[in-house]
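Below: the structure, in structure tokens.
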Amino acid sequence: MHVCPGTFIRRSSARMAVFLAFCVLSGGDFVHSATGSLAPAETHQAIEGFGGSAYYYDNWLTAHPYKEDIYYYMFEDLGTDILRFGNQYGYSAGAFNPQSTEIAAAAEEYLGRPVKILLSSWSPPAYLKSNNSTKNGGTLVKKDGRFDYAGYGQYWAESLDAYEELGIVPEYVSIQNEPGYVNTWETCELLETEKNGKAGYDSALNAVYHAFQARGNAPKLLASEVLGIGYNLFQNYARYFNHDQVYGYAHHLYHGGDPKKPDAFLPAMKAMASGFGDKPRFQTEYSNGDADWLNTAWITHNSLVYEEVSAYLHWGLMWPGDNELIRIENPWNSSEWETSDGFSLTERYYAFRQFSKFIDPGWKRITADVDSDNLRLSAYISADGDSLTAVILNVSQTDETLSLGLGGYQMAYGSVIRTSETELGEDLGAFDPSSTLAVPARSITTISLTGQAGSAVSSGGAARLPDSPVIHSIFPNPFNPSTVVRFDIPGSADVRLIVLDLRGREIREFMLGNLQAGPHSVRLDGSGLASGVYVLWLDTGDRVTACRKLSIIR
């Protein structure tokens, strides 16, 4: 199996011996009963997207014999919106960062749309560095006794030209990753402002801004992508740079809280929200071995709810270690692979997916409340109101049930997806708002709804049907030998499901007969199909059909 996140063992916990009025006795255990509510009309920040980096080990990815499978998980299954690259233009003569073109093209293929690119710089080229090296710190070089800000701005404008020739047009640019941080790898020390013999971030940003304006077609500048939000570090940088020159504020989370105690980040996150609420905030890198899969999701939740970030990026979409989302193994040393196909999905992958797969750019966070200290609830709605997602974390060792009020949202269909100690992004079937929802200890539950906010129902109260056929889910996916497909059709029709290979050739057909309008589910038998990635078409005889990719693993 590609999916080999390790062994999951539920931690035991002492059960209360007293029957409490707010508990339900079930199977000898006391299950706390909570109530939650959504307010679709009360919106907050707009979502720009979820994503991560493909920097370092990107050559492992493009050389990997199973890279198409990895691309599927990185992009389509994860729902990646923002892909972060490191600017390597000018590091050496000739070709630079050749992997970026392939990776960006793969993202577009698997997403069915261009991925948004965030281009960050770890260091400018050696000729612009005081130490004549991209590594080991250093600051900007001086020219005629002054820091060469103009040369730095010109370098960035030339970088955009060079990347555009590769087919990559960044949506966002951060001129320096962690500008005050120095290490042995690629770094460049830019202090808040010019002082102590070091170049100033404010002047460097100003030079890049004007170079972009002169060039035209300027990307959105993000500042200042500092190491963390503790010690007033972001505030110190923000005191000097010109806020009118930037689209949004960016930072990492390597200080300002405790990865083992996600709520320790709250004071710093709230300070960011209150002090810098005039522009979108981007959390552009975080990963910590002390933050397990649940704490990774908890920190994501806190960032979205308390700092109200518009984008949340994990550090590595793929990486050799277990702290990132996809663990990739050396493609040139397959004899020592620990997995059959040289990659695996980590626990953090599934935790991150509970958000990224079911929340899209352009959506807005809505008010969501829950009356249990054990639960964390957030919710998001599409611009047209036809989709809504709620994410519930149970951060305790106690099982709960949740009664969730939808606040007038008219649900046409809902599905429940959960990651826990024993489940990995498991599709649990249809959501019933009239029943309580089980929320196990240490779990992440996502409710994905289609429908309409407000009064989009007929006078008889019938749920709104989709305007065209839609495939809601394929689970499991990958599968062997069978999977369940859940779909919706707008009217009665003769329905068939068609399996195509990636060249568009028909491999198998499933005739489902005449089905009535509304939701349906069917189990597909993939026996006899070779391992690989296929396309599943839902055909109702109309010109508009629905399709999803599916994978078979033997």
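The values are calculated or read from the model by the stated rules, or taken from the named source; none is laboratory data. Just so it is clear, the structure is predicted and the values come from calculations on it, not from any experiment. Because the Cβ atoms are built from the backbone with ideal geometry, glycine has one as well, and the counts that use them run over all protein chains shown.
Miscellaneous remarks
- Identity of the residue in segment 358-409, within 27 Å of D81 (Cα to Cα) and polar (S, T, N, Q), that ends up surrounded by the fewest Cβ atoms within 10 Å (Cβ to Cβ): T367
- Sub-7 Å Cβ pairs linking a first residue in segment 75-93 that is over 21 Å from P219 (Cβ atoms) to a second residue that is among the polar types (S, T, N, Q) and assigned to a helix (DSSP H, G or I), at least 6 apart or interchain, are L78/S356; G79/S356, ordered by first then second residue.
- Yes/no for G112 being over 28 Å from G49 (Cα atoms), surrounded by fewer than 23 Cβ atoms within 10 Å (Cβ to Cβ) and not hydrophobic (A, V, I, L, M, F, W, C): no
- Taken over segment 383-430, the residue count meeting the criterion of being out of contact with any strand residue (DSSP E or B) (no Cβ under 7 Å at 6 or more places or on another chain) and either within 16 Å of I444 (Cβ to Cβ) or of a type in the set (S, T, Y) (or both) is 6.
- Residues of segment 112-146 that turn out to be of a type in the set (D, E, K, R) and in contact (Cβ under 8 Å) with a residue 24 or more places away in the chain, as a count: 3
- Pairing residues of segment 148-161 that are assigned to a helix (DSSP H, G or I) with residues that are surrounded by fewer than 17 Cβ atoms within 10 Å (Cβ to Cβ), at Cβ distances under 6 Å and at least 6 apart in sequence or on separate chains, gives A157/R215.
- Residue within segment 231-254 that is within 27 Å of the chain's Cα centre (by Cα), in a strand (DSSP E or B) and of a type in the set (F, W, Y) present: yes
- Filter pass, N236 being polar (S, T, N, Q), in the same structural domain as G256 (by TED's automatic domain parsing), within 22 Å of Y286 (Cα to Cα) and buried (at least 18 other Cβ atoms within 10 Å of the Cβ): no
- Residue satisfying all of: in segment 84-97; at pLDDT 85 or above and part of a loop (DSSP other than H, G, I, E, B); surrounded by the most Cβ atoms within 10 Å (Cβ to Cβ) among these: N87
- Flag if G138 is buried (at least 22 other Cβ atoms within 10 Å of the Cβ) and in contact with a Cys (Cβ under 7 Å, 6 or more places away or on another chain): yes
- Test: F265 is part of a helix (DSSP H, G or I), under 20 Å from T296 (Cα atoms) and free of Cβ contacts under 8 Å to residues at least 60 places away in the same chain: yes
- Across segment 268-296, the qualifying residues are those that are in a loop (DSSP other than H, G, I, E, B) and acidic (D, E), and the one among them that is modelled with the lowest pLDDT is D290.
- All conditions in (1) free of Cβ contacts under 8 Å to residues at least 60 places away in the same chain; (2) among the small types (G, A, S); (3) under 22 Å from E76 (Cα atoms) hold for A311, with the sole exception of (1).
- Of all residues in segment 330-344, those that are more than 10 Å from P65 (Cα to Cα) have Cβ atoms under 7 Å from Cβ atoms of residues that are modelled with pLDDT under 95 and of a type in the set (V, I, T), 6 or more apart or on another chain, in S344/V3.
- Picking from residues in segment 196-230 that are in a strand (DSSP E or B) and hydrophobic (A, V, I, L, M, F, W, C), the one that is surrounded by the fewest Cβ atoms within 10 Å (Cβ to Cβ) is L221.
- Residues of segment 432-446 that turn out to be in contact with a Leu (Cβ under 7 Å, 6 or more places away or on another chain) and hydrophobic (A, V, I, L, M, F, W, C), as a count: 3
- Which numbered condition G167 misses (of (1) in a loop (DSSP other than H, G, I, E, B); (2) in contact with a His (Cβ under 9 Å, 6 or more places away or on another chain)): (2)
- Here the condition is being under 23 Å from the mean Cα position of the chain (by Cα), at pLDDT below 95 and on the phi > 0 side of the Ramachandran plot; of G6, G27, G79, G49, it holds for G6 alone.
- Listed by first and then second residue, the pairs linking a residue in segment 369-397 that is closer than 18 Å to E48 by Cβ to a residue that is charged (D, E, K, R), with Cβ atoms under 8 Å apart and 6 or more places separating them unless they lie on different chains, are S378/R365; A379/R365; Y380/K364; Y380/R365; I381/K364; S382/D360; A383/K364; S387/D360.
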